[in-house]
Amino acid sequence: MLIENKIRRFLSQIEPDFFGGCWLWSGAIHRCGYGTFSHNGGSLAHRASYQLFKGETKGLHVLHKCDVKCCVNPNHLFLGTNADNVADKVAKGRARGGGRKGSLHHASKLGEIEISAIKAACLAGETQQSQADRFGVSQSTINEIVKGKAWKHVK
């Protein structure tokens, strides 16, 4: 009877998305975008959904097939390790920087052409500071480029 009450309480806080098939959480939302629901000491609604409708998580992450943080449809959820979670984020472009390198990175101020020019100029004897001033970045950024610690993929 207790589990039935939890399921009833859980289902009262979802709104179905008839087009995408998601069960959108209408209850409290954590600042990171996931729904919250008190269940078995856990507070994330998608974890509670997995436990209520599919079974125990056995210490694994609960991942979304649909990639909608507030979705709690158990058919959109699957278990994975931390490595699976990271790989899923990178594959879906949600990793920090979207898992993208170089000019495709969201915070990039430089492109591959500029990096090649910086490396060539410093190799020819220009100072790192002159290149930093030229491209509007810090000298330490230029140093990371020249040493090959940043932009490793550009020769």
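Can you name the condition, by its number, that Leu104 falls short on among (1) modelled with pLDDT of 80 or more; (2) closer than 22 Å to Lys152 by Cβ; (3) over 13 Å from the mean Cα position of the chain (by Cα)?
Condition not satisfied by Leu104: (1).
Results for (1) at pLDDT 95 or above; (2) touching a Gly at 6+ places or on another chain (Cβ under 6 Å); (3) hydroxyl-bearing (Ser, Thr, Tyr); (4) in a loop (DSSP other than H, G, I, E, B), shown as yes or no for each residue.
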site	(1), (2), (3), (4)
Phe19	no, no, no, yes
Cys32	no, no, no, yes
Thr36	no, no, yes, no
Arg47	no, no, no, no
Gln51	no, no, no, no
Gly55	no, no, no, yes
Gly59	no, no, no, yes
Val62	yes, no, no, no
Cys66	no, no, no, yes
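From the set of residues in region 1-17 that are in a loop (DSSP other than H, G, I, E, B) and farther than 17 Å from His64 by Cα, which is modelled with the lowest pLDDT?
Met1
The values are calculated or read from the model by the stated rules, or taken from the named source; none is laboratory data. Remember, predicted model here, so these are calculated numbers, not experimental data. Positions of Cβ are backbone-derived with ideal geometry, glycine not excepted, and every protein chain shown enters the neighbour counts.
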